[in-house]
Amino acid sequence: MTNNNKQLVVLGSINVDHILNVPAFPQAGQTITGQHYQLAFGGKGANQAVAASRSGANTAFIACLGSDAIADDILMQFTQDGINLQSVHKVPEQTTGVALIFVNREAENCIGIYAGANAFLDKSYVKKHANQIRQADALLLQLETPLDSLLEAVKIAKAAGKMVVLNPAPAQTLSTDFLQQIDLITPNETEASQLTGIQVKDLSSAEQAAQILHDKGILNVMITLGEHGVWLSQNRQGQHIPAFKVHAVDTTGAGDTFNGALMTALLEGQGFIDACYFASAAAALAVTKAGAQPSIPWRAEIEKFLINFK
Ligand code: ATP
Ligand code: RIB
């Protein structure tokens, strides 16, 4: 843990992940046998809150759970992870969100989600928890909860002069009105392609996509490129931050770990380049283990990893 007293608020989804390791993704009409099955806690919002808290940020979470039995286990895990749960509530007669995940031999994933209680994180829920946003120094969002509630959260954060960071996942088309209020955006290749119309497949296309995101009014852009690292672009000046070389077994949650750890570093006052390396180290550690939340590293692990790589 650090001595940093800056506050992060994450608003987003909670899922129960059912993960099946398969030799290759199934074709339409095909039944395949998995080699390993794991039930793990996930959801982009939850993963990012866990990654931020484990890496040292003072983290509050705004989210909805179902009223099923597994919700209690998830809440217990969040408590052990040190997350402020004042704005996490159970929705009566709803199930907690679910993600069905195939992981292939190349450690890639293919995911289907059911929103469940996440669909109830609506505008009125955000308004009810507006103080949590106003009290924080930064707001971190993804796209697995209703879009109009995200707009409301951004409005509240910007009116209070807070930093807003958007991880635009899963990929979705977004209005320029929404995008221009974002201080930092962190799409992966697919999301950057969807937002800009540029097929992001290498550094040069990442640079082009970043310029289009700047044109839309976003000052800071980090396009994550999986094992190829990150294209970091600030105020139109771009550079490549390579990834750490590790043996990946499951990349699920790599982006979430990157975003959570990134917020920790930024709130500690690290510059964008150092924060990017810190987040990349956390994400590299995450891909060496299976599952989303089970693979998210703690601060001490990240620091040890960074020292060993120097
Ligand atoms: P997810 O699989 O969770 O959806 P994502 O597509 O949002 O991930 P990526 O761009 O795949 O995000 O990864 C985010 C960051 O994680 C990368 O920029 C990189 O730093 C790190 N990372 C991802 N895959 C690897 C890998 N195979 N080896 C090392 N680092 C990796
Ligand atoms: O980003 C990984 C997450 O996406 C998984 O935990 C799953 O719940 C899906 O939301």
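State the number of residues belonging to the range 1-16 that are within 15 Å of ligand 2 (Cβ to nearest atom) and either touching a Phe, Trp or Tyr at 6+ places or on another chain (Cβ under 7 Å) or open to solvent by 10 Å² or more (accessible area, probe 1.4 Å) (or both).
Number satisfying all stated conditions: 2.
Hey, among G255, G271, G291, which residue is more than 22 Å from N308 (Cα to Cα) and more than 9 Å from ligand 1 (Cβ to nearest atom)?
Checking each option against the conditions leaves just G291.
For residues that are more than 16 Å from ligand 1 (Cβ to nearest atom), closer than 25 Å to E268 by Cα and assigned to a strand (DSSP E or B), tally how many sit in the range 2-51.
4
Return the residues of the range 104-116 that are more than 10 Å from ligand 1 (Cβ to nearest atom) and open to solvent by less than 40 Å² (accessible area, probe 1.4 Å); say none if nothing qualifies.
N104, G112, G116
Any chance you could count how many residues in the range 156-197 are in contact with a strand residue (DSSP E or B) (Cβ under 9 Å, 6 or more places away or on another chain) and small (G, A, S)?
4
Please work out which one of (1) open to solvent by less than 10 Å² (accessible area, probe 1.4 Å); (2) touching a residue at least 24 places away in the same chain (Cβ under 8 Å); (3) over 20 Å from the mean Cα position of the chain (by Cα) is the condition I241 fails and give its number.
(3)
One line per residue, one yes/no per condition, for (1) out of contact with any Pro (no Cβ under 6 Å at 6 or more places or on another chain); (2) without any contact (Cβ under 8 Å) to a residue 40 or more places away in the chain:
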{"residue": "C110", "(1), (2)": "yes, no"}
{"residue": "G116", "(1), (2)": "yes, no"}
{"residue": "L141", "(1), (2)": "yes, no"}
{"residue": "I156", "(1), (2)": "yes, yes"}
{"residue": "P168", "(1), (2)": "no, yes"}
{"residue": "L174", "(1), (2)": "yes, yes"}
{"residue": "D177", "(1), (2)": "yes, yes"}
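Would you point out the residue of the range 79-92, among those that are open to solvent by 10 Å² or more (accessible area, probe 1.4 Å) and closer than 17 Å to D122 by Cβ, that is nearest to the chain's Cα centre (by Cα)?
V88
Among what's in the range 52-78 and is in contact with a Leu (Cβ under 8 Å, 6 or more places away or on another chain) and closer than 19 Å to G269 by Cβ, pick the residue that is surrounded by the fewest Cβ atoms within 10 Å (Cβ to Cβ).
N58
Show me the helices (runs of 4 or more DSSP H) entirely contained within the range 151-232 in which 3 or more residues are within 16 Å of ligand 2 (Cβ to nearest atom) and at pLDDT 95 or above.
Ranges flagged: 189-196.
The values are calculated or read from the model by the stated rules, or taken from the named source; none is laboratory data. Everything numeric in this text was worked out from a predicted model, so none of it was measured. Heads up, the Cβs are rebuilt from the backbone with ideal geometry, glycines too, and the neighbour counts pull from every protein chain shown. We work out accessible area using only protein heavy atoms, side chains counted, and drop any ligands, DNA or RNA first. Shrake-Rupley method; radii C 1.70, N 1.55, O 1.52, S 1.80 Å.
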